[in-house]
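Each remark here refers to the structure printed beneath this line.
Nothing in this text is a laboratory measurement; each read-out follows from the coordinates by a stated rule. Owing to the predicted nature of the structure, the values given are computational and were not obtained by experimental measurement. Cβ placement follows ideal geometry from the backbone for every residue including glycine, while neighbour counts extend to all protein chains displayed.
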Amino acid sequence: MCGIVGYVGDGQATPFLLEGLTKLEYRGYDSAGIAVYDGKSIRVEKSVGRLVSLKEKIAGNEPSGMVGIGHTRWATHGRPSDLNAHPHTDCTGDFVVVHNGIIENYMALKEDLIKKGHVFKSETDTEVIAHMMEELYNGDFEATVRDVLNRIDGSYSLVFMSRRDPDRLICTKQDNPLVIGLGEGENFIASDIPAIISRTRRTYILNDGEIAVIRKDSVWVTNREGEPITKKVFEVNWNAEAAEKGGYEHFMLKEIHEQPKAVRDTMSARLAKDDSAVVLDELKWNEDFLNSFHKIFIVACGTAYHAGLVGKYYIERLARIPVECDIASEFRYRSPIIDDCTLTIVISQSGETIDTLAALKEAKRLGSKTLAVTNVVGSSIAREADQVIYTWAGPEIAVASTKAYTTQLIVMFMLALYMAGIRRTLPAARIHELIGKLRQIPAQISETLEDVEPIKTFAKVYGFNEDVFFIGRSLDYDVALEGSLKLKEISYIHAEAYAAGELKHGTLALIVEGIPVIALATQKSVYEKTLSNIKEVKARDAVVIGIAAANDTELEKYVDHVIKVPETDELLIPLLTVVPLQLLAYYAAITRGSDVDKPRNLAKSVTVE
Ligand code: AGP
């Protein structure tokens with residue numbers, strides 16, 4: 001997520017802008033910039049890389065003025081560069097904007113503005129907004145902002161500056177955070193509370209659709225129609241560290257709860273409005289080329305590998321193309337059979353995992369076409385692959401991957417549907433139905449996050465067991481692998497995931513009285529078989545926690561506890577069943593007192609072999 005700051009007051013803007021952006025550095029970013037009205041014009045200074053590069057660039061010549069905005073960018077559209085860094089301006093430099101989020105219809109808007117003679121400097125979606133201000137400005141700054149907002153689709157928090165109305169800032173939000181800090185003779189804007197609590201703890205928390213006009217001595221809030229809204233002052237009593245985590249105790253819990261938004265951001269701009277198709281404009285391959293692939297490899301590590309296993313299932317089931325899914329460190333050394341009709345998909349949250357990058361290079365050397373699914377724009381893997389589809393999960397800080405996993409599943413599902421549409425392996429009605437179900441997933445993840453008490457209890461009761469098993473079949477087995485890794489890596493419990501049908505071939509010897517077994521049973525085609533495997537472990541007095549769909553009334557007869565997730569197509573249910581497993585791992589780690597965000601021996605990105 002990008003960081004946003006704004007200042008209007010009697011003091012100098014630049015010191016607050018730089019201080020505020022520094023407090024937001026933890027969120028992850030790849031470039032930074034500020035814009036300050038100096039009494040005549042708006043001076044914009046920006047730089048790719050760390051904030052220190054921007055500070056060095058302006059050292060000794062800092063912009064002076066009492067109104068300004070600043071931004072740290074987490075790239076989504078357009079690679080990290082000086083030109084793509086925010087703030088962005090229109091052709092005249094009279095309008096300046098900073099943005100966090102995604103403007104879904106920016107391409108159409110940009111084409112229209114170019115036809116009207118606007119000249120764009122960056123590859124970003126954000127710059128479109130500055131040019132729209134220029135195009136639509138009718139002398140009324142606030143009315144023009146409303147007009148622009150009525151023409152854009154997507155998720156955003158936005159702050160506008162205008163040289164023609166230099167005594168104020170205007171800000172608004174939709175599905176992205178924005179707070180207003182209330183000072184004495186000065187007011188502040190920030191995308192996150194840590195940026196302002198050293199200046200004030202009195203804030204307005206903006207709600208979706210609200211528009212605030214901020215002067216040094218007033219904050220005027222209205223709705224989209226211009227009707228005034230009375231805001232309640234929210235006194236921030238968090239300390240700085242808690243504020244960075246948005247009030248959550250750990251980044252991991254914050255990121256688990258960010259999944260509905262991360263999933264929505266990753267998919268909404270890629271689904272046709274009438275649910276008829278997946279739209280992957282970023283894929284530059286034409287239909288004939290996509291039809292030429294007769295074999296796909298999916299290669300990744302850790303959680304990304306587990307997402308790859310689900311992706312394999314999706315592509316084989318929906319697009320009917322043979323897929324092999326490999327751990328990257330194995331793929332590299334097994335002389336995979338690859339030719340120019342092979343597609344190799346690498347999945348990596350960081351885009352820097354050395355084993356995955358090396359596997360990608362090996363696949364290219366052997367003649368494969370390559371596609372990366374990654375969360376970091378401009379990462380090594382993104383630059384090495386022929387094509388890239390980005391997850392738009394925002395920065396993932398906790399070592400244990402959560403929102404990256406669910407957004408990877410979303411991308412793999414959309415890719416499988418996209419291929420199925422091109423290869424005509426699915427009827428249009430089925431594609432339409434699946435896209436409709438896909439749109440419900442963010443709200444269903446939210447629903448799954450509502451009742452965490454039973455999971456907290458399980459974590460307390462079973463959190464001191466030294467061995468835990470996860471079992472499932474088909475997609476449930478793939479999710480069991482992810483649940484097991486989550487529990488292992490942050491609670492240090494020895495968790496093992498097993499294909500439920502495989503237990504009797506040896507591992508059943510380890511099932512003894514009282515051992516916790518997490519059994520996933522959501523896949524209809526193997527449900528009865530999974531029940532048999534549950535009975536096998538129950539016969540050895542294991543304690544079984546079942547994971548089932550909401551409409552399942554059978555499973556509770558055979559297990560000790562049941563966690564239910566909302567009903568959806570069984571292809572999509574991994575997006576929901578993984579959530580209680582993430583929470584179980586989190587609360588087990590809390591029970592055992594391990595370092596949730598930075599577990600022992602592990603790094604967020606494994607850039608060494
Ligand atoms: C997952 O929780 C782990 N942190 C780890 O397995 C991770 O998924 C793996 O190292 C791959 O990282 P990447 O997605 O950045 O390539």
Open item on the list: What does the extension gain come out to for Asp153 and Lys115, with contour length at 0.36 nm per residue minus their alpha carbon separation?
Closed with: 11.6 nm
TODO: Find how much the distance from Lys232 to Arg320 grows on full extension, using 0.36 nm per residue of separation minus their present alpha carbon separation; answer in nm with one decimal.
DONE: 26.1 nm
- [ ] Only loop residues by DSSP count here, and only those with at most 10 other Cβ atoms within 10 Å; note down the trypsin sites (Lys or Arg not before Pro) in region 317-350 that meet that.
- [x] Arg334
- [ ] Would you please give the FRET efficiency between Leu449 and Asp560, computed as 1/(1 + (r/R0)^6) with r the Cβ-Cβ distance and R0 = 30 Å, to the nearest 0.05?
- [x] 0.85
TODO: Positive end of the charge dipole of the chain (Lys, Arg +1 and Asp, Glu -1 on Cβ, about the Cα centre): tell me which of Leu571, Ala190, Met412 has its Cα farthest that way.
DONE: Met412
Task: Phi-based couplings in Hz for region 493-503 (Karplus 6.51, -1.76, 1.60; Gly and Pro marked x) - done: 6, 6, 9, 10, 9, 9, 4, 4, x, 9, 3
Open item on the list: Suppose each label sits 7 Å from its Cα in the direction of the beta carbon; what would the Tyr333-Ala108 distance come out to in nanometres?
Closed with: 5.3
Open item on the list: If you take every residue apart from Val310 with its C-beta less than 13 Å away from the C-beta of Val310, what net charge results, scoring Lys and Arg +1 and Asp and Glu -1?
Closed with: -3
Task: Loop GluC sites (Glu not before Pro), region 221-268 (other Cβ atoms within 10 Å of the site Cβ: 15 or fewer; DSSP) - done: Glu225, Glu249
Open item on the list: Largest first, please: the extent of the C-alpha atoms of region 169-212 along each principal axis, to the nearest Å.
Closed with: 26, 19, 13
Open item on the list: What whole-number distance in Å separates the alpha-carbon centres of region 487-539 and region 1-63?
Closed with: 53
Task: Point-to-point label distance, Asn239-Asp275, nm (Cα→Cβ direction, 7 Å offset) - done: 4.9
Task: Gain upon complete extension [Ala143, Lys524; 0.36 nm per residue less C-alpha separation] - done: 131.7 nm
Open item on the list: If you fit an axis through the alpha-carbon atoms of helix 106-115 and take the longest principal axis of the Cα set of the chain, what angle between them do you get, 0 to 90°, nearest 10?
Closed with: 40
Open item on the list: Please give the Cα centre distance for region 205-229 versus region 150-188, rounded to the nearest Å.
Closed with: 9
Task: Under 5 Å, built H, 5+ apart or other chain: amide partners of Ala519 - done: Ile471, Ile545, Gly546, Ile547
- [ ] Calculate, axis by axis, the spread of Cα positions in region 244-336 along the three principal axes, and write the results as whole Å, longest axis first.
- [x] 49, 42, 23
Task: Packing-based ranking, highest mean first, of 549-555, 82-88 given that Cβ atoms within 10 Å are counted - done: 82-88, 549-555
TODO: Starting at the first residue of region 284-301, write each ³J(HN,Hα) from the Karplus equation 6.51 cos²θ - 1.76 cosθ + 1.60 with θ = phi - 60°, in whole Hz, x for Gly and Pro.
DONE: 8, 8, 7, 4, 4, 5, 5, 6, 7, 6, 10, 8, 10, 10, 10, 10, 6, 10
- [ ] Enumerate by residue number the trypsin sites (Lys or Arg not before Pro) in region 35-72 meeting two conditions: DSSP loop (anything except H, G, I, E, B), and at most 10 other Cβ atoms within 10 Å of the site's Cβ.
- [x] Lys40
Task: On Cα atoms only, tilt of 13-23 relative to the major axis of the chain in degrees - done: 10
Open item on the list: Using the crude model of +1 on Lys and Arg Cβ and -1 on Asp and Glu Cβ, and no other charge, please compute the dipole size for the chain relative to its Cα centre, in debye to 20.
Closed with: 520
TODO: Please list the non-local residues whose amide H lies under 5 Å from the amide H of Thr344, H modeled 1.01 Å from N, same-chain partners needing a gap of 5 or more.
DONE: Phe297, Lys369, Thr370, Leu371
- [ ] Eight or more residues apart or on different chains, and alpha-carbon atoms under 25 Å: count the Lys pairs in region 235-352 matching that.
- [x] 8
- [ ] Sum -39500 (n - 2.57) across every DSSP H segment of at least 4 residues in the chain, then divide by the residue count to get the 222 nm mean residue ellipticity, nearest 500.
- [x] -10500 deg cm²/dmol
- [ ] Please give the net charge around Phe413, taking every other residue with its beta carbon less than 11 angstrom from that of Phe413, where Lys and Arg add +1 and Asp and Glu add -1.
- [x] +2
Task: Virtual paramagnetic centre 7 Å along Cα→Cβ of Asn465, amide N under 11 Å, in region 525-545 - done: 538, 541-545
- [ ] Please list, in chain and number order, the residues 5+ apart from Leu271 or on another chain whose amide H is under 5 Å from its amide H, with Hs placed from the backbone.
- [x] Val279
- [ ] Specify the longest stretch of the chain that does not include any exposed loop site, a site being one of the chymotrypsin sites (Phe, Trp or Tyr not before Pro) with a non-H, G, I, E, B DSSP assignment and at most 14 other Cβ atoms within 10 Å.
- [x] 1-332
Task: 0 to 90° range, to nearest 10: angle between helix 475-491 axis and the chain longest Cα axis - done: 70
TODO: Calculate one ³J(HN,Hα) per residue across region 395-404 by plugging θ = phi - 60° into the Karplus curve 6.51 cos²θ - 1.76 cosθ + 1.60, and present them in order as whole Hz with x for glycine and proline.
DONE: x, 10, 8, 5, 4, 6, 7, 10, 5, 5
Task: Local electrostatic count, Thr530, Cβ distance below 15 Å [Lys/Arg +1, Asp/Glu -1] - done: -2
- [ ] Just give me a number: lysine pairs in region 392-499, eight or more positions apart or cross-chain, with C-alpha atoms less than 23 Å apart.
- [x] 8
Task: Part-to-part distance (alpha-carbon centres) for region 376-440 and region 446-475, which is given in Å - done: 26
Task: Distance between modelled label sites at Tyr492 and Asp569, nm, 7 Å Cα→Cβ extension - done: 4.3
- [ ] Hey, for a label at Asn286 modelled as a point 7 Å past Cα toward Cβ, could you say which residues of region 385-399 have their backbone N under 14 Å away?
- [x] none
